[in-house]
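The values are calculated or read from the model by the stated rules, or taken from the named source; none is laboratory data. These numbers were taken from a predicted model, which means no experiment stands behind them. All Cβ positions, even for glycine, are placed from backbone atoms using ideal geometry, and neighbour counts span all protein chains on display.
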Amino acid sequence: MHDDKKTDETLEQWINKNVGGAAGEKIVFDSLGKTTASQNPVVVKPFSGHAAPHQGHTGTTRAARPTPAASAAKKPFLQKKLPGAPLRKGILRCIPLGGLDEVGKNMMVFEYENDIVIVDMGFQFPEEDMLGIDYVIPDVSYLMDKIDRIRGILITHGHLDHIGAIPYLLPKLGFPPIFSAKLSIALVKKRLEEFGLESKATLHVIDPAKSFELGNFHVDWFRVNHSIPDGLGIVLRTPAGTIVHTGDFKFDYTPVFQQPADYAKIAALGSQGIAALFSDSTNALKPGNTMSEKKIGETLEEIIKGAKGRIIIAAFSSLIGRIQQIINHAHYYGRKVFLSGRSMADTISIAQQLQFIKAPPGLLHPVTKIGRTKDENVLILTTGAQGESMSALTRMALGDHSQILIKKDDTVVISASPIPGNERSIYTVINNLVRLGAKVIFNQVMDVHTSGHAQREDLKLMINLVKPRALVPVHGEIFMRQAHAEIGRELGMTENNTIVIENGDVLEIINGEARKTSERVTANYIMIDGKGVGDVGAQIIMDRQIMSENGVLAVLFTLDPKTKKLIRDPEVISRGFIYMKESQEIINETIVVSKKAYEEAMAKMPNGKRGEIKAYIRGSLDRFSHRKIERNPLVLPILIEV
Ligand SMILES: [Zn+2]
Ligand SMILES: [Zn+2]
């Protein structure tokens, strides 16, 4: 849909230049975006761990930390007196601000004395009752008086539930440096560019093989498998104890175009006395092992090999290994690949430039170039695997797509499983496609999708390898985390050492021992509505709920500016509440009640403020509408002086 000539040229040019080149460790980010670094240089550094990060600490051992004076010289704000309660010594505090109690908005704060390190900063797509809200982000009020102590943000991988909130929160937190592997950093940079914030951010591409220091934290990484490349787990060593955070992970012995997990490094943790393992709980209720990506590739090959007409595959654009397999099979079976949907084109473009995806010249095209290509030579890769209302696939299913009209002999593959809550829209899309004559293959028909999250047996392997003293299930709703804790107990861990915490809880680690405290920090849902951050509070959401269920009743009072008396009868405007025509009687009564309420309010509060007068009227009308028709619309008294 948004595919245009520019994308096409960028892809073509890139393919011509780069196919066959080996993936380098260092990347030139100037070639990444369309707006290149020349006007707005973003600081992106390959980060080896030898050089000190931003705050002037040198060397990689704790002993080599500079004196406070040297540190302050490089980072003036350290001279400021630290605010907040007196710091308690020798304690590692672990505080989830998001990602527990939900799948999404992952963010965890680790605090050791004067130093704070944050793991992930994601957003969440809204739940059904959050009307009109675009995203939900974590609440960072806990950090607001501790900004000077934030040493860095460590990102496990590039999914939006781990990076999505960065553009909203980074400015609030004073732009602390961000560290991750190269694909994740590229995706963070893309998000920051969309918000015009790239010039202020400090982004470090780390080498997962090398550790480094952030204040009192010794940071180490290990590779994991996930549904996007460059997924990392994190090891944080502090004088109070060492914790391991898996990020989102699975074990895949035959990953596709991803390096295998760092099994040796993970196993070595088992002898290092890990105080707590924070591990991904998303699939803690699913038995067995997560199916390998390779198996999915084989099924997709069968489908591509056997199809007569066009093939249309819907998948998440971040499933880069799968997309590479599709590209390879398409090439082998003589099909060109047409990209549909902006996020598909964007992500593939980034992945190609970083050499995570390779395609021979002339294979990839935007869908606008499909022209008269013969059906048996067409493979369309599209967004919309979740039945999203504006997506390319949904529009194809509605016969509303400008390039693709679904017809008999089309094979449509939905290479995803529905995110809970999306089932209905996906089935609607499938029904519409079938009605138009397409053959639709989805996970209930063949294995065309596997999860990126470890299932029960894989979770057991992680616990058995790391041998943590305590298990802290993260990522997922409470029933998933509870099931994960259960797994820990199956493996012989005690009730005390399988710790289920919630957003805003504080877990403390002292001398290698983790325990949940009774302390709670603020961890609300911050809603993003359009461009506004957090200006939509619970009251507005409640208003929207009332409006959607019971409609709106607005009453307009026209007043004389001097006497404050009503010039004419109040006017009643109703939406979704009652049909004006059919309920003239109710309207008439509402006018009488409104008029009486206004006069009463003025008699009782001759010097009352507008808010007080309105509240009085609202109360009368609430009682009236409830008594009359047993409904409670959103009542809006409006006072106008003319
Ligand atoms: Zn993920
Ligand atoms: Zn996630």
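Below is a table of values for the structure above.
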{"read-out": "Filter result (more than 13 Å from residue 214 (Cβ to Cβ), away from ligand 1 (no atom under 16 Å from the Cβ) and either hydroxyl-bearing (Ser, Thr, Tyr) or out of contact with any Lys or Arg (no Cβ under 8 Å at 6 or more places or on another chain) (or both)) within the range 171-184", "value": "172, 173, 174, 182"}
{"read-out": "From 192, 203, 160, 187, residue being touching a residue at least 60 places away in the same chain (Cβ under 8 Å), within 16 Å of ligand 1 (Cβ to nearest atom) and of a type in the set (A, V, I, L, M, F, W, C)", "value": "187"}
{"read-out": "Qualifying residue in the range 573-586 (condition: within 12 Å of residue 554 (Cβ to Cβ) and modelled with pLDDT of 80 or more)", "value": "no"}
{"read-out": "Any hit, the range 443-450, residues being within 24 Å of residue 371 (Cα to Cα) and free of Cβ contacts under 8 Å to residues at least 12 places away in the same chain", "value": "no"}
{"read-out": "Of all residues making up the range 560-572, the number that are at pLDDT below 85 and not in a loop (DSSP other than H, G, I, E, B)", "value": "1"}
{"read-out": "Residue 476 being more than 16 Å from ligand 2 (Cβ to nearest atom) and on the phi > 0 side of the Ramachandran plot", "value": "no"}
{"read-out": "From the options 284, 351, 315, residue that is among the hydrophobic types (A, V, I, L, M, F, W, C), touching a strand residue (DSSP E or B) at 6+ places or on another chain (Cβ under 9 Å) and closer than 30 Å to residue 219 by Cα", "value": "284"}
{"read-out": "Contacts under 7 angstrom Cβ, first residue in the range 227-249 being on the phi < 0 side of the Ramachandran plot and among the charged types (D, E, K, R), partner in a strand (DSSP E or B) and within 16 Å of ligand 2 (Cβ to nearest atom), 6 or more apart", "value": "248/280"}
{"read-out": "Condition met for residue 259 (more than 16 Å from ligand 1 (Cβ to nearest atom), assigned by TED's automatic domain parsing to the domain that holds residue 394, in contact (Cβ under 8 Å) with a residue 24 or more places away in the chain and among the polar types (S, T, N, Q))", "value": "no"}
{"read-out": "Search result, residues across the range 359-406 that are in contact with a Gly (Cβ under 9 Å, 6 or more places away or on another chain) and closer than 17 Å to residue 333 by Cα", "value": "375, 376, 377, 378, 381"}
{"read-out": "Qualifying residue in the range 311-323 (condition: of a type in the set (Ser, Thr, Tyr), assigned to a strand (DSSP E or B) and within 30 Å of residue 479 (Cβ to Cβ))", "value": "no"}
{"read-out": "Answer from 283, 289 - the residue that is within 16 Å of ligand 1 (Cβ to nearest atom) and in a loop (DSSP other than H, G, I, E, B)", "value": "283"}
{"read-out": "Within the range 587-615, tally of residues that are modelled with pLDDT of 90 or more and among the hydroxyl-bearing types (Ser, Thr, Tyr)", "value": "2"}
{"read-out": "Tally, over the range 426-453, of residues that are under 30 Å from residue 494 (Cα atoms) and surrounded by fewer than 22 Cβ atoms within 10 Å (Cβ to Cβ)", "value": "1"}
{"read-out": "Close pairs from the range 614-629: first touching a residue at least 40 places away in the same chain (Cβ under 8 Å), partner among the aromatic types (Phe, Trp, Tyr) and surrounded by 13 or more Cβ atoms within 10 Å (Cβ to Cβ), Cβ under 7 Å, at least 6 apart", "value": "617/598"}
{"read-out": "Any hit, the range 118-135, residues being in a helix (DSSP H, G or I) and more than 14 Å from ligand 2 (Cβ to nearest atom)", "value": "no"}
{"read-out": "Selection count where residues are within 16 Å of ligand 1 (Cβ to nearest atom) and either more than 23 Å from the chain's Cα centre (by Cα) or small (Gly, Ala, Ser) (or both), scope the range 262-280", "value": "1"}
{"read-out": "The range 454-479 - residue that is modelled with pLDDT under 95 and buried (at least 18 other Cβ atoms within 10 Å of the Cβ) and, of those, nearest to ligand 1 (Cβ to nearest atom)", "value": "475"}
{"read-out": "Helices (runs of 4 or more DSSP H) contained in the range 146-201 and holding at least 3 residues surrounded by 20 or more Cβ atoms within 10 Å (Cβ to Cβ) and more than 16 Å from ligand 2 (Cβ to nearest atom)", "value": "166-169, 182-194"}
{"read-out": "Residue within the range 228-238 that is out of contact with any Ser or Thr (no Cβ under 8 Å at 6 or more places or on another chain) and modelled with pLDDT of 95 or more present", "value": "yes"}
{"read-out": "Pick from the range 333-381, criterion of a type in the set (Gly, Ala, Ser) and outside any loop (DSSP other than H, G, I, E, B), ranking: farthest from the chain's Cα centre (by Cα)", "value": "340"}
{"read-out": "Answer residue from the range 506-520, given it is surrounded by 15 or more Cβ atoms within 10 Å (Cβ to Cβ), touching a strand residue (DSSP E or B) at 6+ places or on another chain (Cβ under 6 Å) and not small (Gly, Ala, Ser) and is farthest from residue 119 (Cα to Cα) among those", "value": "516"}
{"read-out": "Exclusive hit being in a strand (DSSP E or B), more than 16 Å from ligand 2 (Cβ to nearest atom) and modelled with pLDDT of 95 or more, set 440, 500", "value": "440"}
